[in-house]
Amino acid sequence: MRRHARKVAREMPELPEVETVRRGLAPALVGARFSRVTLRRANLRFPFPDRFAARLEGRTVTDLARRAKYLTAALDSGETLVMHLGMSGRFDVALPDGSNLSPGDFYLEGAQGTPKHDHVVMAMSTGATVTYNDARRFGFMDLVPSADLAGCRHFARMGIEPLDGLTGAVIAQLFRHKIAPLKAALLDQRLIAGLGNIYVCEALHRARLHPEAPAGSLVRPDGRPTPKANALAKAIVKVLQEAVEAGGSTLRDYAHTDGSAGAFQHAFRVYDRVGLSCSRPGCGGSITRIVQANRSTFFCATCQPPD
């Protein structure tokens, strides 16, 4: 159990986990006004913007959205609060009735955040208190003009959202002439945003593609998608949809708005299953682990051949 805990601890929340946080946090934020914002330190991964608390106080959250692995809270001031969870960021919500929620708390070991890591406390007009807790402080918050959100430094070079119409043709357009390994191309946030190590491994297995295959091999000479590109697009969308429905995947450090854990880790076909039998009926192979760009890649060499 300790071996498993150490290994998966390095993963950060991906698109399904951040979407789970958004859905759990929205009832506490959308339509509510920041009554008081308390910063218990001057920075997270980066320093807070100038007058951060003052610019939030008195403002109403009009919408809470997700862009890739980021949360974006639109404010009635014309600014947007951009939030990134980093490796260990989490939100805790204390409700007026005395109950507490942890929207998208995916950390099992030490699931209750240590108070010394409560870095931002937001008292809302509804009587709820939203606290941002981050033990490793790899997360951050920023304020940007809403009109400039798409072109701000966080999103200007960000790729497409995979749940917004990803097809084989789109993959062919993105991967044409690319010699980078398929795994690396899928993790490139400038191409497809929101994908991370877990769901890339899972999608590649479903599409029966080797993680080291050149990304450009999914494109015909004339730029049209190969059947493999179509299969990969379907696999990415399907695995993300299933993970969002399951409430994401629970990892070591990382429960839902009701305190329960994300369930998609029980559906992993390859991730963190090294040495176990492939779950594909009739395959007969076992899960292998290799290292690509200092990241663990899990796949079945039998049903994901290198050709």
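The values are calculated or read from the model by the stated rules, or taken from the named source; none is laboratory data. As the structure is a computational prediction, the values presented were derived from the model and not from experiment. In this analysis, Cβ positions are derived from the backbone assuming ideal geometry, glycine residues included, and neighbour counts consider all displayed protein chains.
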List, please: which pairs have Cβ atoms under 6 Å, are six or more places apart or on different chains, and start with a residue in segment 234-248 that is over 16 Å from Asp164 (Cβ atoms) and end with one that is surrounded by 17 or more Cβ atoms within 10 Å (Cβ to Cβ) and of a type in the set (S, T, N, Q)?
Gly247/Thr20; Gly248/Thr20
Of everything in segment 18-43, what is assigned to a strand (DSSP E or B), in contact with a Lys or Arg (Cβ under 9 Å, 6 or more places away or on another chain) and among the basic types (Lys, Arg)? Give them in sequence order.
Arg33
Every residue in segment 264-278 that is closer than 12 Å to Ile198 by Cα and either at pLDDT 90 or above or among the aliphatic types (A, V, I, L, M) (or both), please.
Ala267, Arg269, Val270, Tyr271, Arg273
If you go through Val18, Val61, the only one that is at pLDDT below 95, of a type in the set (A, V, I, L, M), surrounded by 15 or more Cβ atoms within 10 Å (Cβ to Cβ) and in the same structural domain as Ser102 (by TED's automatic domain parsing) is Val18
When segment 112-154 is examined, which residues are found to be in a strand (DSSP E or B) and β-branched (Val, Ile, Thr)?
Val120, Val121, Thr129, Val130, Thr131, Val144
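To keep it simple, each residue is scored yes or no on (1) out of contact with any helix residue (DSSP H, G or I) (no Cβ under 6 Å at 6 or more places or on another chain); (2) over 13 Å from Cys201 (Cβ atoms); (3) assigned by TED's automatic domain parsing to the domain that holds Pro214.
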| residue | (1), (2), (3) |
| --- | --- |
| Val270 | no, no, yes |
| Thr288 | yes, no, yes |
| Asn294 | yes, yes, yes |
| Asp307 | yes, yes, no |
State which residue is modelled with the highest pLDDT when the search covers only segment 5-15 and only residues that are of a type in the set (Lys, Arg) and in a helix (DSSP H, G or I).
Lys7
Taking segment 290-307 and keeping only residues that are surrounded by 12 or more Cβ atoms within 10 Å (Cβ to Cβ) and either closer than 17 Å to Ala180 by Cβ or among the aromatic types (Phe, Trp, Tyr) (or both), one is left with Ile290, Gln292, Arg295, Thr297, Phe298, Phe299
Using the structure shown, decide if Asp97 is out of contact with any strand residue (DSSP E or B) (no Cβ under 9 Å at 6 or more places or on another chain) and either among the hydrophobic types (A, V, I, L, M, F, W, C) or not in a helix (DSSP H, G or I) (or both).
yes
Could you give me the residue pairs with C-beta distances under 8 Å whose first residue belongs to segment 135-163 and is polar (S, T, N, Q), whose second residue is part of a loop (DSSP other than H, G, I, E, B) wherever it lies, and which are 6+ apart or on separate chains?
Ser146/Gly78
